[in-house]
1. From the backbone phi of the range 43-54, what are the Karplus-calculated ³J(HN,Hα) couplings (6.51 cos²θ - 1.76 cosθ + 1.60, θ = phi - 60°) in whole Hz, Gly and Pro given as x?
2. Once you list every other residue whose beta carbon is under 13 Å from the beta carbon of Tyr212, what net charge do they have if Lys and Arg are +1 and Asp and Glu are -1?
3. Quick check on packing: order 432-442, 59-69 by the mean number of other C-beta atoms within 10 Å, highest mean leading.
4. When every alpha-carbon pair in the range 81-145 is counted, what percent end up more than 15 Å apart?
5. Given a cut-off of under 8 Å on Cα pairs at least six residues apart, what relative contact order in percent is computed for the chain?
6. Taking the Cα of Glu264, stepping 7 Å toward and past its beta carbon, and measuring to each backbone N in the range 313-347: which are under 17 Å?
7. Give the cross-link partners of Lys291 among the lysines, using a straight C-alpha distance below 28 Å as the criterion and excluding same-chain residues fewer than 8 apart.
8. Check which residues have an amide H placed less than 5 Å from Arg444's amide H, if you skip close sequence neighbours.
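All of the numbers you see were taken from the coordinates with simple rules; none came from a lab. The model shown is predicted, which means the values in this text are computed figures rather than measured ones. Note that each Cβ is placed from the backbone with ideal geometry, even for glycine, and that neighbours are counted across all protein chains shown.
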Amino acid sequence: MKKGILVTAAVLLFVVVCGCSDNDDENAPDLRVSAFRSALKNSGFAVSEGSTHQINPFQFIQNRLIDSCSGNNAGQPYKCFPIPIIPGEEDEQGRKQLGIFRLQPYEAIVYVGPTPPEADYFSYTAFLWVRHHDSLIEKGDWLFAALGDPLNNLTIKTEGGGSPFEKNTMVVFTPDQGTYKRIVAAAQPAGYPESMINLFVIPSTNPIPLAYLGLGPGSDSMMILVRTANFKNEKKGNDYLNNNAYGTVFRVTPDSPPVLQPYEQPAARDRNWQKETDLIPDLQNGLERLKTAILAQTEHVQFRSFESIRWFYDSRDVLPDDPTSPAYHQFVAGEASDTPYLRTAENGSPANFTLGMDDLVIVYGVNHAATGIATYSSLSAYGDWQTNQCDPPMQFIFGCNHNVWNGIAGMTSDSFVSNGKSSAEEYLPGDPVARYLYAVKVKRTCEPGEKFCVPVPQPGEDPEHKDNPYYGIGLTDPMMIGYRAYLNPATKSGPSYDDIVFDRAIWFKTK
């Protein structure tokens, strides 16, 4: 072979393997994808392609698809993977469009492409969506339970290492060891090193079944969700959300059913670390001083104090199909281990309130990001009423008598501080613990330029959602506050419930 031909061949090989081009265009397609698809087919797989798609729980509930917004993290977006239907499978109730799928015990879903743009957080998680086996209602029990620990920005393997954002990665969601090994073997000659390939196990084996796999009516349906929070660059974030081809999604099916090699459920990450009260001495006393100051400095004619309690069962307690468990077939609204979930309560029981024009709620507590136990934390205002639409008749395709839990407005910990000053210092000037605390007002209307305030719109007030009755909370609708704290850098999971100091709130009637 002549020297010029050798050079040309080498350049072409470099482009295919590295996905590079002379223009170094960040939007150029990764040429390895087609090589990977061919390698999978040559390895005895049928390959069908899906997509990535932003989802909006407010549209879903308005269109009578779901009966709850599932405690959506207010202001934070989600994407899913619409998975193609394979021959012999029916698209019941249009579930493909929603990213809902069933999986045979030897199949895999593969995502290959870039991770989201820089943000406080992202994760890829597979969820058990609806359980049909021995369901309590005819259409199936909506569980929305995580099938394992999320693959997040602190745990994901990416090409080249370093920052996890906007880096090429591969995530293989599968219940079968043999299928995973064959996919990895096909990926490497296509140019994807094993060091960038991530496994997300779909657990199926246990003394008690964890997931009922297959395509039949009694099989579980699933969803893969990509969560993100607080993009650092708004344009990049919007480009990511609006690009349905941001990465490539494959459904990979062996041409003939192999001998199954099911994975056991991986051990859960240990979320225990150190208690916030040990990290910051006098933290609990500082919180009491903050409560006293809030009550003294807020004019009112009536008040109610709220603590918070755990909102949901852990998904891991829901997955085993054990009728003796209190978590049996319980709806957990997308709970996953990257954060604790808390909600307002009184005397240890869930509680809510109404927010009239003359009402005010001051939410206060520990800024978990400031103590170092979380990457970011947040509060959100939710409607807390039930839709009361159940079988029969089937008013919603998924769900039955769940609380609406529509996250309307909220604030994250980066906004608990302004110009280096904690919101708690508005009430406790000079207090050495105030820097680790926060205090935020939740009311109907915030004054122009008012810091540390979350306005809660009524239905129809937001111009982008004026026709959606679920985007807003009416003056007489019951509502609550929900709390989260994402990713302890030390454990790479959400802080444990035992390590954090629970958030609080005070409702005031001001006139």
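1. Each residue of the range 43-54 in turn: 8, x, 10, 8, 10, 10, 9, x, 7, 10, 8, 6 Hz.
2. Working: positive: Arg102, Arg131; negative: Asp134, Asp141, Asp220, Asp321.
Summing Lys and Arg as +1 and Asp and Glu as -1 gives -2.
3. Working: 432-442: 22.3, 59-69: 19.8.
So the order, starting with the most tightly packed, is 432-442, 59-69.
4. Working: 1359 of 2080 pairs.
Percent of Cα pairs beyond 15 Å in the range 81-145: 65.
5. Numbers: 1194 pairs, mean separation 103.4, N = 511.
The value is 20 percent.
6. 320
7. The qualifying lysines are Lys275, Lys421, Lys441, Lys443, Lys451, Lys509, Lys511.
8. Amide H neighbours of Arg444, under 5 Å, 5+ apart: Val456.
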